[in-house]
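Q: Pasting a structure below so you can have a look.
The values are calculated or read from the model by the stated rules, or taken from the named source; none is laboratory data. Remember, predicted model here, so these are calculated numbers, not experimental data. Every residue, glycine among them, receives a Cβ derived from its backbone with ideal geometry; neighbour counts consider all protein chains shown. The protein model used for the area step is the full one, side chains on, heavy atoms only, and it has no ligands, DNA or RNA in it. Shrake-Rupley method; radii C 1.70, N 1.55, O 1.52, S 1.80 Å.
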Amino acid sequence: MAKKLAQIVDGLVDSFHKYGGINHLDGVNLPSREAVVEITRDLLRLVFPGFYDKDPIHSNQLTEYTSELVSSIARRLENEVQRSLEYRPCDGCDRNDLAGTAARVTQEFLTELSAVRAVLQTDVTAAYEGDPAAISNEEIIVAYPGIEAVAVQRIAHLLYKKHVALIPRIMTEWAHNKTGIDIHPGAEIGPHFFIDHGTGVVVGETTVIGKHVKIYQGVTLGAKSFPKDGNGRVVKGIKRHPNIEDDVTIYAGATILGPVTIGHGSIIGGNVWLLDPVPPKTVVYSEGGQTRMKSAAADRDKMIGHSHGEGI
């Protein structure tokens, strides 16, 4: 048995040398996934006090509760942010004082959480007003996966904007694993956002979503194609996802690809496949294998292509 185990070890070590692209050896200590997940859990406790705690919180405990939680999060997050900066320093960071930068970034991040709470309140309101089955705000916060996924994304987006590597994506992928909703931390999402049901929703990195937008399960806001550079590598950091303007509703199974704009007040029907922009106040629907538009003002149909073809 000992001989067989030695052979197994030798084989694995050989593979470490042969397939080095999936090793992280002799490098900086990366942020801990487990630590980031625990921090994310505590951040949810902070933005929704009393909802993620085992014991009830009373008003007279609020200052002490918040102080202890903020101090704990700050200490742990600062450590993980420093690890992230050591892996990939942000633009303009003082490479000789990454610890100081981590402390500053963490403090700025925590300061911005009050504003995030203000937006999350609009999301909860949108869910309550948009779902006739909802009986209370409390039910929405404790039971609706869309609210949890959006809350984590809004928190992670703060760190994404500060060019903190790895941590925002760990946060949103944890939420993805829990809820079935995949929202990249880079997406920009306006207030009063509601994802109903939620399973299978995908929102890409450069998506921009306006105010009072509602989407249903299975919706994809994705990229149409991936331009490559002269070496055949995918070009990163370019706009490649849709813009969804204010007061848009997107029904289940719809797929919208590329940097197209869906005009304000539009309705995108279920299972629609879109690669083209949509004017404001337009109804888009699938009929007989074709995608059609109907202007709410003119009440007429307009063919825009075939759901199975290119150039839609």
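Q: Excluding residues on the same chain fewer than 8 positions from LYS239, give the lysines whose Cα lies under 17 Å from its Cα.
A: LYS161, LYS224, LYS228
Q: Another one. What's the local net charge at PRO89, with K and R +1, D and E -1, over the other residues with C-beta under 13 Å away? Before the final figure, lay out each step's value.
A: Numbers: positive: ARG83, ARG88, ARG95, LYS162; negative: GLU86, ASP91, ASP94, ASP97.
In short, 0.
Q: Based on alpha-carbon centroids, what's the gap between segment 151-184 and segment 11-49 in Å, whole number please?
A: 15
Q: Give me the lysines in straight-line cross-link reach of LYS3: C-alpha distance below 23 Å, same-chain residues under 8 apart excluded.
A: The reachable lysines, counting only those whose Cα sits under 23 Å from LYS3, are LYS18.
Q: Among THR220, VAL124, THR66, flag the residue with its Cα farthest along the positive direction of the charge dipole of the chain, charges on Cβ as +1 for Lys/Arg and -1 for Asp/Glu.
A: My answer, from the dipole projection, is THR220.
Q: If you add up the charges near GLY265, with Lys and Arg at +1 and Asp and Glu at -1, over every other residue whose beta carbon is less than 14 angstrom from its beta carbon, what do you get? Display every interim value, and only then the final one.
A: Working: positive: LYS211, LYS214, LYS281, LYS294; negative: GLU245, ASP246, ASP247.
Here the count lands on +1.
Q: Let me ask something else. How big is the dipole moment of the chain about its Cα centre under a simple scheme where the beta carbon of each Lys and Arg is +1, that of each Asp and Glu is -1, and everything else is neutral? Debye, nearest 20, please.
A: 920
Q: Which of the peptides 165-175, 93-103 is most tightly packed, and how do the rest follow, going by the mean number of other Cβ atoms within 10 Å of each residue?
A: The densest-packed peptide leads the list: 165-175, 93-103.
Q: Treating the angle as unsigned and between 0 and 90°, give the value, to the nearest 10°, between the Cα long axis of helix 98-111 and the longest Cα principal axis of the chain.
A: The angle comes out near 40 degrees.
Q: Defining a contact as two alpha carbons under 8 Å apart and six or more residues distant in sequence, what relative contact order in percent does segment 199-245 show? Intermediate results must be reported in sequence, preceding the final value.
A: On the way: 66 pairs, mean separation 22.7, N = 47.
Contact order relative to length: 48 percent.
Q: Would you work out which of PRO49, GLN82, LEU30 lies farthest towards the positive end of the dipole of segment 20-94, given +1 charges on the beta-carbon of Lys and Arg and -1 on that of Asp and Glu, about the Cα centre?
A: Farthest towards the positive end: PRO49.
Q: A follow-up question, please. How high is the relative contact order of the chain? Use alpha-carbon pairs under 8 Å, at least six apart in sequence, and give a whole percent.
A: Relative contact order here is 9 percent.
Q: Net charge near ASP131: determine it from the other residues with C-beta under 13 Å of the C-beta of ASP131, scoring Lys and Arg +1 and Asp and Glu -1.
A: That works out to -3.
Q: Could you work out how far helix 62-87 tilts from the main Cα principal axis of the chain, as a 0 to 90 degree angle to the nearest 10?
A: 80
Q: Also: If contacts are Cα pairs under 8 angstrom and at least 6 residues apart, what is the relative contact order of segment 133-227 in percent?
A: 23
Q: Which lysines, on any chain, are close to LYS178 with Cα under 21 Å apart, when same-chain ones fewer than 8 places away are left out?
A: Those lysines meeting the cut-off are LYS54, LYS214.
Q: Give me the percent of the accessible area of segment 125-209 that comes from carbon and sulfur atoms, probe 1.4 Å, all protein chains in place. Present the calculation step by step, with values, prior to reporting the outcome.
A: Numbers: 1670 of 3130 Å².
For segment 125-209, the apolar C and S fraction of the accessible surface comes to 53 percent.
Q: Tell me what the chain gives for mean residue ellipticity at 222 nm when only DSSP H runs of n ≥ 4 count, each as -39,500 (n - 2.57), the sum divided by the residue total, rounded to 500 deg cm²/dmol.
A: Dividing the helical sum by the residues of the chain leaves -13500 deg cm²/dmol.
Q: Of the candidates SER136, SER71, SER15, which one comes out as most mobile in a Gaussian network treatment of the chain with C-alpha springs shorter than 10 Å?
A: SER15
Q: Could you identify which residue out of ASP247, ASP229, ASP14 has the top mean-square fluctuation in a GNM of the chain using Cα springs shorter than 10 Å?
A: For the chain, modelled as a Gaussian network with Cα springs under 10 Å, the answer is ASP14.
Q: Could I ask something else about it? Percent antiparallel among DSSP beta bridges with both residues in the chain, to the nearest 5?
A: 30
Q: For the chain, what does the accessible surface come to per residue with a 1.4 Å probe? Please give it in Å².
A: Details: 16660 Å² over 312 residues.
About 53 Å² of surface per residue is accessible.
Q: Roughly how tilted is helix 33-47, in degrees to the nearest 10 and between 0 and 90, from the longest Cα axis of the chain?
A: The angle comes out near 60 degrees.
Q: Here are some values of P(r) over Cα pairs in 10 Å bins from 0, in percent: (1) 6, 25, 31, 21, 10, 4, 2, 1, 0; (2) 6, 22, 27, 22, 14, 7, 1, 0; (3) 6, 22, 21, 15, 13, 10, 8, 4, 1. Which one was computed from this structure?
A: Computed from the coordinates, P(r) over Cα pairs in 10 Å bins from 0, in percent corresponds to (2).
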